[in-house]
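Participant: Pasting a structure here, questions to come.
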């Protein structure tokens, strides 16, 4: 079956612009996660959605970052007023807890 | 807070040699532990996981890991390296106490296999 998909695969944006990154989880998975992978910080947890519960936003690095999950399926990660330090690969994963997390291929964000 | 430490950011082995990638966790309560592999320009793939059943966990591609509570370790091994094993490997932990499923990753170990 289809895995986790993310779009776009690459995004180049100018400093100060807003960007939206999309994640389509595996159908039926109730949990969705966003992580960030960067050279300086490694793999970091950003935010976690589980069903209809309030998301765990404890990993978001600043208030410029936000995410939503519509209809318990697709999720969008939004970064406002992008900074160069936001350049990274943003990974999305989904799961049917307590099962394993399946990761998408990521979106490579470059802020110039 | 949960955390894992991976010793050695780069490991090189000869083809056919033993692979040993080290991971230590810090937690007063044994967490859930995972090893993921990332091939170039690809997402993460689960190799194996420990969730308190058998302490020796077998995964895909001939890898296995042993949970040792006394050493707070979860090292990844493979008896004989293949060229196709060249990738980056991440150890990760989640907190079983809270039931949270988000993962906290180590800094990764890049494995090079020398022909």
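Only the coordinates and a few stated rules stand behind these numbers; no lab work does. In this text the structure is predicted, and so the values were computed from the model without any measurement. Note that we place each Cβ from the backbone using ideal geometry, even for glycine, and neighbour counts take in every protein chain shown.
Participant: Test residue A:62 against the stated conditions and say whether it is part of a strand (DSSP E or B) and more than 14 Å from every other protein chain (Cβ to nearest Cβ). Talk me through it step by step, then tell me what you get.
Facilitator: On the way: part of a strand (DSSP E or B): no; more than 14 Å from every other protein chain (Cβ to nearest Cβ): yes.
Taking the combined requirement at face value, the residue does not satisfy it.
Participant: Any idea which residue in the range A:73-106 is nearest to the other protein chains (Cβ to nearest Cβ), counting only those that are under 19 Å from residue A:53 (Cα atoms) and out of contact with any strand residue (DSSP E or B) (no Cβ under 8 Å at 6 or more places or on another chain)?
Facilitator: A:98
Participant: Follow-up question, since we're still on this one. Would you pick out the residues in the range B:75-97 that are within 23 Å of residue A:106 (Cβ to Cβ), outside any strand (DSSP E or B) and touching a residue at least 60 places away in the same chain (Cβ under 8 Å)? Explain how you work it out, then say what you get.
Facilitator: In the first step, residues of the range B:75-97 are kept if they are within 23 Å of residue A:106 (Cβ to Cβ); the result is B:76, B:84-94.
Among the residues that remain, those that are also outside any strand (DSSP E or B) are: B:84-86.
Within the range B:75-97, just B:85 meets the criteria.
Yes/no per residue for (1) away from every other protein chain (no Cβ under 13 Å); (2) under 20 Å from residue A:108 (Cβ atoms):
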| residue | (1), (2) |
| --- | --- |
| A:24 | yes, yes |
| A:31 | no, no |
| A:40 | no, yes |
| A:48 | no, no |
| A:55 | no, no |
| A:70 | yes, no |
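Participant: Give me the strands (runs of 3 or more DSSP E) completely within the range B:1-74, filtered to those with at least 3 residues that are surrounded by 15 or more Cβ atoms within 10 Å (Cβ to Cβ) and under 13 Å from the mean Cα position of the chain (by Cα), ordered by residue number. Full working, then the answer.
Facilitator: Details: elements: B:3-5, B:10-14, B:19-21, B:24-26, B:32-38, B:44-50, B:56-58, B:64-68.
Passing ranges, in order: B:32-38, B:44-50, B:64-68.
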